[in-house]
Every structure is written in structure tokens, then in C-alpha cells.
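First up is the structure itself, then whatever we jot down about it.
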Amino acid sequence: MTAPMPPVISLQGIAKDFPGGDGPVHVLHDIHLEIGRGEFVAIMGPSGSGKSTLMNILGGLDAASAGSYRLAGQAVEGLPVNALADLRNRALGFVFQGFNLLPRSSLLDNVALPLIYAGVPLHERRQRATELLQRVGLGNRLQALPGQISGGQQQRVAIARALINRPALILADEPTGNLDTRTSLDIMSLFEELNREQGITLVLVTHEADIASHASRLVRLVDGRKVWDGPVAEGLAQAGLAFGTARMPT
Ligand SMILES: Nc1ncnc2c1ncn2[C@@H]1O[C@H](COP(=O)(O)OP(=O)(O)OP(=O)(O)O)[C@@H](O)[C@H]1O
Ligand SMILES: [Mg+2]
């Protein structure tokens, strides 16, 4: 018998406060969340509801003020900085709100960058980055700079970079923000394919009901509290958000 796999993400009673002029600002309250392997979870909520703050905690980029977080079964708080960086590098791909590409580096070097930290030799770095850029439809622009391609293409580069370490978990904060409908659909198909064919766990922040409808589970935050965690269609309906019936799960 094999031991049961721990959830990819397990949050217990997570809170986050930021210091403010009039005392601490409470941004997240008592968040409990378990996400299993292969799930595709959409996170929605009004601007300022704490979505990016939560994603930063999930990505190990910021620490919670209270509560506990286990990533792939390992307690994150109290991990030495190096061990956290290593866990992040091995387990996680992060697509930021805004793309965070290095403006003076080629697309190839941007995508290959995380492999430097992982100690992968140059030849293999180039080969893997090339394959991924081909996968996202940019195989003919390897040496372009980020400023020479469109916003949608930059977003695909950011996704390729998030995939380069073959992570078990991808965290994407508004990956289709500011993109036109066509490009958004392309990006969502890529995510769906990764989720379905490679079993990659996906957690994706979006403010668009149509994008959330690609997920298998919806988490909604309002004022830093989880107000919905369950099926997408019902959660959208509860929030009064309409979306195309063509994508309505059956
Ligand atoms: N470093 C910080 N210091 C102080 N307050 C912060 C900090 N980061 C975020 N906040 C506050 O926390 C709240 C939640 O911010 P967050 O960025 O998580 O919202 P969001 O749900 O991602 O919003 P959006 O949809 O606009 O991206 C906001 O009120 C914001 O001002
Ligand atoms: Mg945000």
C-alpha cells in the first residue's frame, strides 16, 4: 500500500495583517483551504479583497501573520530561507499580476532563468526553454526582447517560464488580465491542457466569470474572508455573476 498523498496546499486559520498608519490593516481572516493534486481552482473577489496577498502567501513570497501553511506536506513557516527558496524552485511556478520579465534579456534567457538557480547546465537550459517557447507558439522569437512582443505574447513567455521547472503546482495571478478575448482563450486552453494532460495543479486568480468557468472549483474572497468554496457555477450564481451558458458545466 502506498501512503496517501498529502494535499498540495493546506492552509489552516491563515491571517494576514499589514502595518498601517492607524494600526494594522487586517487583509486576510481565518482562511482554511485544502487543494488536492490535479485540482484546478479559480480564486475570485473584488479588488482589494486579498487575492494577491493570498497568492503571495501560497507562493512563499510573503509570510502569514497567523495560521499554518503546508506545501506538499511540508510546513512552510519556520523553514530556513534557503530551504523555502529550494522548495519554491522545485514545486512551484508563479505567473505574476504583470509579467515580471527581464526587459534586457531575450525570451529564451527569460524562460531559462529559473534553471540557473536549479543548477541545470547551459545546453539543457537552452533546450528546455526552446521547447517551452515552441509550445506557447513563440518558437520563432527566441532572441526577441520582451519589449518587442505583444502583451499576450509576454504573458505566454511568463507561463513558459513558470513551467520550466516542471512544477507540480502553478499559481497564476490574473494571467489573462488586459488580454483580448481571443488571447485569453488561447491561454486558458494551454492551462487546461497542462491540468488535464500533465495533472499539474492550478490555482488561478481572475475577475472574469468566463475564465473562472474553466476551473473545477471556485473560491471567492470578500474583505479577506472566504465566502464561497465549491462548484463554480453555483458560486458564480451566488455572487450574482453571469457567464456564457456555452461554458456552463453540466
Ligand atoms: N504590502 C502591503 N502593505 C499594506 N497593505 C497592503 C499591502 N499589500 C496589500 N495591501 C492591502 O491589502 C488589501 C488586499 O490587497 P490585494 O493586493 O491582496 O488585493 P487583490 O484582491 O489582489 O486586488 P486586485 O483585484 O485589485 O488585484 C488591499 O487593501 C491592499 O491595499
Ligand atoms: Mg491582485
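Distant-in-sequence amide contacts of A172, defined by a placed amide H-H separation under 5 Å and a gap of 5 or more residues or a different chain, comprise V95, V203, L204, V205.
Sorted largest first by accessible area at a 1.4 angstrom probe radius, with every protein chain in place, the residues Y69, Y117 fall in the order Y117, Y69.
The overall shape of the range 9-238, judged from the alpha-carbon gyration tensor, is prolate: a/c is not under 1.5, and a/b is greater than b/c. Computed from the C-beta positions of L145 and D229, the FRET efficiency with R₀ = 45 Å rounds to 0.60. Backbone geometry of the range 221-235 corresponds, through the Karplus equation with coefficients 6.51, -1.76 and 1.60 at θ = phi - 60°, to 3J(HN,Hα) couplings of 10, 9, 6, x, 10, 7, 10, 8, 8, x, x, 5, 4, 5, x Hz, x marking Gly and Pro. Here H207 sits with roughly 110 square angstrom of accessible surface, probe radius 1.4 Å.
Report, in whole Å, the centroid distance computed from the Cα atoms of the range 100-165 and the range 201-233. The range 100-165 and the range 201-233 have Cα centres separated by 29 Å.
Using the crude model of +1 on Lys and Arg Cβ and -1 on Asp and Glu Cβ, and no other charge, please compute the dipole size for the range 127-250 relative to its Cα centre, in debye to 20.
Working: 13 positive and 13 negative charges, 67 e Å.
Charge dipole, the range 127-250, about its Cα centre: 320 debye, nearest 20.
Placing +1 on the Cβ of every Lys and Arg and -1 on the Cβ of every Asp and Glu, with no other charges, gives the range 9-238 a dipole of roughly 700 debye about its Cα centre.
Near the amide H of W228, within less than 5 Å, lie the amide hydrogens of R220, all on another chain or at least 5 residues away, with H placed in the peptide plane.
Summary of packing: across the peptides 55-62, 213-220, the per-residue average of other C-beta atoms within 10 Å ranks them, highest first, as 213-220, 55-62. Our coupling estimate for the range 125-138, obtained by passing each phi through the Karplus curve with A = 6.51, B = -1.76, C = 1.60 and θ = phi - 60°, is 4, 4, 5, 5, 5, 4, 4, 5, 5, 5, 4, 8, x, 10 Hz, Gly and Pro reported as x.
At a Förster radius of 41 Å, what calculated FRET efficiency corresponds to the Cβ-Cβ distance of Q238 and A85, to the nearest 0.05? The pair Q238/A85 has a calculated efficiency of 0.60.
Remark: relative contact order (the range 9-238) = 28 percent; criterion is Cα-Cα distance under 8 angstrom and separation of 6 or more residues.
In the chain, a dipole from Cβ-located charges (positive for Lys and Arg, negative for Asp and Glu) runs towards its positive end, and of S49, L202, L190 it is L190 whose Cα lies farthest in that direction.
The values are calculated or read from the model by the stated rules, or taken from the named source; none is laboratory data. The model shown is predicted, which means the values in this text are computed figures rather than measured ones. Neighbour counts are summed over all protein chains in view; Cβ atoms, including those assigned to glycine, are modelled from backbone coordinates with ideal geometry. Only protein heavy atoms, including side chains, enter the accessible area calculation; ligands, DNA and RNA are left aside. Shrake-Rupley method; radii C 1.70, N 1.55, O 1.52, S 1.80 Å.
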